[in-house]
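See below for the structure under consideration.
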Amino acid sequence: MTTVIIRKSLDFGYQGFYCMGHAEYAKRGKPDILCAAISALTIGTVNSLEVLAGEQIKVTSNEETGFLKCDFESILQEKSSFLMDAMIFSLENLSREYGEKYLQVKFEEV
């Protein structure tokens with residue numbers, strides 16, 4: 001199962017997010033469409049935040065374990081918050097469609 005934790009402050013908005021684990025939706029050795037979708041959304045958001053929005057971020061990842069951590073080094077711009085909203089919206093839709101057995105989206109107040 002993949003768990004995505006969105007770190008958010010009441011005062012300063014999004015602080016970052018991290019993902020853990022592989023969805024394991026497909027049988028072992030077969031392409032996992034859910035894992036690919038999660039990766040596309042999270043990595044695409046990280047790249048967009050950095051390149052398109054110019055945010056300063058710190059990224060840590062381990063492809064083997066399915067770990068991705070993204071920390072924001074300052075308060076996000078409005079357009080960057082929108083990118084985060086879009087990522088979360090899409091991840092929550094995937095969780096509803098494929099089931100929380102494979103993907104859970106949680107929030108952590110920091």
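The values are calculated or read from the model by the stated rules, or taken from the named source; none is laboratory data. Keep in mind that what you see is a predicted model, and the values were worked out from it rather than measured. Here Cβ is always computed from backbone atoms with ideal geometry, including for glycine, and neighbour counts include all displayed protein chains. Keep in mind that these areas ignore ligands, DNA and RNA; they rest on the heavy atoms of the full protein, side chains included. Shrake-Rupley method; radii C 1.70, N 1.55, O 1.52, S 1.80 Å.
Give me the net charge for the shell around K8: Cβ to Cβ below 12 angstrom, other residues only, Lys and Arg +1, Asp and Glu -1.
-2
Relative to the compact globular guide of 2.2 N^0.38 Å, what is the alpha carbon radius of gyration of the chain, as a ratio?
The chain yields a ratio of 1.04.
Using the Karplus curve 6.51 cos²θ - 1.76 cosθ + 1.60 with θ = phi - 60°, what ³J(HN,Hα) values do you get for each residue of the stretch 64-75, in whole Hz, with x for Gly and Pro?
4, 8, x, 9, 9, 10, 10, 10, 8, 8, 7, 5
Cβ under 14 Å from E63's Cβ, E63 left aside: what net charge do those residues give with Lys, Arg +1 and Asp, Glu -1?
Net local charge, E63 excluded: -1.
Pop out the carbon and sulfur fraction of the accessible area of the stretch 21-89 as a percent, whole number, probe 1.4 Å.
55 percent
For the cross-link pairs K30/K58; K8/K79; K30/K69; K8/K30; K27/K69; K58/K101, which exceed 24 Å when the distance is taken from alpha carbon to alpha carbon?
Beyond 24 Å: K30/K58; K30/K69; K8/K30; K27/K69; K58/K101.
Over all distinct alpha-carbon pairs, what is the Kirkwood Rh of the stretch 1-63 in angstrom?
So the Kirkwood estimate lands at 13.2 Å.
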